[in-house]
Amino acid sequence: MSGPPPRVTTGDDGGSPPESVGSDAGDAAPPDPGRIDTDRRPFVLVWEVTQACDLACDHCRADAQPARHPDELTTAEGKQLLEDARSFGDGQLVVLSGGDPLVRPDLLELVEYGTERGLRMTLTPSGTASLTPETIAALADAGIRRLALSLDGASAAAHDDFRGESGSFEQTVAAARAARDAGIPVQINTTVCAATAGELPDLRDLVADLGAVLWSVFFLVPVGRGRVLDPVPPERADEILNWLSDVGEESRFGIKTTEAPQYRRVAIQRRRDASDAPEGDGIGRRLGITAGDGFAFVSHTGELYPSGFLPESAGSVRDGDLVGLYRNSDLFRSLRDPDGFRGKCGACEFRHVCGGSRSRAYAHTGDPLASDPLCPYVPEGYDGPMPAGRAD
């Protein structure tokens, strides 16, 4: 297959990495994940500043509630977390997620604080009436570098039904246009499950129409309220990943897959012999970003998780050892060693460039090192057990 590789990256989040592709106008490019030693620092650090949110989305990882939790990190503790994040290195990307971050009255203060200290501050707000043009302008003034907004349907009927709130679609679309007018690059996040897969072609057109710089396509992990949704079957997931590869080759916006690191296997299989897999992923770098390996998540109460979809704590950042926990905890170190993965993921020749979703493995088995049930690929000669929870 000729032509350039698609502009696709992969992440593993609970608040998708809003700066995985491209750079902001007038700014230096964000750190290249291929040049970051993910044993030493995450490419993406997500802080779930609150679980509070006015929406009741079907897939919500956070089981968001209307009221804020009394044990949330305080403003002072949040500022200390941002100070600690500076120790990872220059230009650390920090994603403020939720719930809905706008519920916190100190949000602008936290954005300004992080920006003043050289952090790349980005935001994943909910599509509610609180996301006004005035709020977006204030976020721009505070230094926000990217706004990630969620659209799970290409129409008000489809999106609002999934999000559990009438008017969310129109509010989200209006916010995307207001952010673009304010000079804030926009990312669109979409959840892929059985209920939304048919919306993807129309969503692609909407993402282009909104002038988004990145489309983050997240494959459902059954945690939180998402446990009641049906995932797409493994073979259908591969079809979607192949389709996304085509979209990436023809679109002006970038594409990022989340909780679907097998995109890298798909990319390799489309472009070259799989025997070269350990040397490169076919899309411009040696390794991707997955739970605990280039990605870290701080909960609203200060627990450090490999991902928002992998709620196994390595410890509390309230103890002041964010960097040490990321670098040295047994949990994070095990997730950075694909040779220790179990089942067909551990036997797969693509394990060093894919490795499967550790979050999905954990959700289905309680073992973050188990095989990912969404991937249909079976390594040649493998005759061991198949992943638990396979959708087919």
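Throughout, read-outs are computed from the coordinates displayed, never taken from laboratory work. Every value quoted in this text rests on a predicted model; they were computed, and no experiment measured them. Note: ideal-geometry Cβ built from the backbone for every residue, glycine included; neighbour counts use all protein chains shown.
What does the extension gain come out to for E250 and E170, with contour length at 0.36 nm per residue minus their alpha carbon separation?
Working: separation 80, 0.36 × 80 = 28.80 nm, distance 2.71 nm.
Once the chain is fully extended between E250 and E170, it gains 26.1 nm.
Each Lys and Arg Cβ is given +1 and each Asp and Glu Cβ -1; about its Cα centre, region 344-385 then shows a dipole of about 180 debye. With all pairs of separate Cα atoms included, region 189-255 yields a Kirkwood hydrodynamic radius of 12.5 Å.
For a modelled paramagnetic label at V378, 7 Å from Cα along Cα-to-Cβ, the residues of region 226-256 in reach, with backbone nitrogen under 20 Å, are 233-239. Distance from the alpha carbon centroid of region 217-268 to that of region 82-157 works out to 25 angstrom. Rounded to the nearest 20 debye, the dipole size of region 311-392 about its Cα centre is 180 debye, using +1 on the Cβ of Lys and Arg and -1 on the Cβ of Asp and Glu. With both labels modelled 7 Å from their Cα along Cα-to-Cβ, the D37 to R333 distance reads 1.5 nm.
Look at the alpha carbon pairs under 8 Å that are at least 6 residues apart: their mean separation over the length of region 91-191 gives a relative contact order of 28 percent.
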